[in-house]
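See structure below.
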Amino acid sequence: MAGAEAHIVDCGANNLASVVNAFRAAGAKPRIVKTPEEVRAADRLVLPGVGSAAHAAAHLKSTGIGEALTDRVRRQGHPMLAICVGMQVLLERLREHGDTAGLGWIPGEVVPLRELLAKSTRVPHMGWTTVSPTPSLANVLGKVRGAPTYFFCHSFTVATPRRDAIAATIDLGAEIVAALRFDTVFGTQFHPERSHMNGQRLIEAFLDWSP
């Protein structure tokens with residue numbers, strides 16, 4: 001949706017400049033929001049992140065932004081795209097730097113990739129990887145066809161019993177969650193803002209998405 005506003009949340013673990021540029025390239029009007037009040041006034045939200053999910057979760061809780069997101073997205077039904085660490089903080093438990101509580105929007109935990117992969121598999125997983133969509137992905141990504149490739153950079157991964165919420169996976173010798181979709185939330189472990197044309201198509205699809 002050309003000209004649509006996208007409210008990008010500063011959660012203290014962000015690569016904000018690249019996300020802003022990617023949304024602008026997709027025809028959106030990106031705006032960074034930093035307070036609970038700004039989040040509660042936003043329509044279409046983006047929760048990006050790099051680095052530590054535990055740090056991001058702590059920031060969201062201490063600033064009140066996490067509760068504002070819960071109000072706006074979970075209770076009021078506004079759409080949100082969560083990227084990498086932004087997706088991980090939505091889980092119940094984060095096993096990074098000890099055990100940390102996430103926002104608890106979806107059951108499960110964020111676990112070290114090393115626990116799931118063969119010793120010969122390099123961690124962090126970084127680079128271009130083809131994703132395998134599930135049927136639920138088609139409800140979000142109307143402009144993305146087939147099995148596109150996206151850019152990944154992560155040492156932790158989502159593990160959830162909500163199989164119906166898994167929108168895409170990748171094969172690293174074990175099935176790894178690449179995307180989640182539940183209610184009005186779409187989350188990606190990969191970085192659409194660093195995935196060139198496939199990423200731009202995904203962002204355009206999110207801007208058009210009416211969950």
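Readers should treat all values here as calculations from the given coordinates under stated rules, not as data from a laboratory. As the structure is a prediction and not an experimental result, all values here were calculated from the model. Cβ: placed from backbone, ideal geometry, glycine included. Neighbour counts: every protein chain shown.
GNM remark for the chain: springs join alpha carbons under 10 Å apart, and the peak mean-square fluctuation among Val111, Val177, Val123 falls on Val123. Each of Ala165, Met197, Phe186 was placed along the dipole of the stretch 5-208 (beta-carbon charges, centred on the mean Cα), and the one lying farthest toward the positive end is Met197. By other beta-carbon atoms within 10 Å, ranking Met87, Met126 with the fewest at the front produces Met126, Met87.
For the stretch 22-174, a crude dipole built from +1 on the beta carbon of Lys and Arg and -1 on the beta carbon of Asp and Glu, taken about the Cα centre, is about 400 debye to the nearest 20.
According to the Kirkwood relation over distinct C-alpha pairs, the hydrodynamic radius of the stretch 57-108 is 11.3 Å.
Dipole orientation for the chain: of the candidates Ile106, Trp209, His59, Trp209 has the Cα lying most toward the positive pole (charges on Cβ; Lys, Arg +1; Asp, Glu -1).
Helical content alone sets the calculated 222 nm signal of the chain at -6000 deg cm²/dmol, taking -39,500 (n - 2.57) per DSSP H segment of four or more residues and averaging over every residue.
Each label was represented as a point 7 Å from its Cα along the Cα-to-Cβ direction; for Asp164 and Ala41 these points are 3.7 nm apart. Between Cys153, Cys11, Cys84, the GNM of the chain built on Cα springs shorter than 10 angstrom shows Cys153 fluctuating the most. For the residues Ala42, Ala174, Ala54, a GNM of the chain with alpha-carbon springs under 10 Å puts the largest fluctuation on Ala174. Applying 0.36 nm per residue to the separation of Asp208 and Ile32 and subtracting their alpha-carbon distance, the gain on full extension is 61.4 nm.
Among Trp209, Trp128, the order by Cβ neighbours within 10 angstrom, fewest to most, reads Trp128, Trp209.
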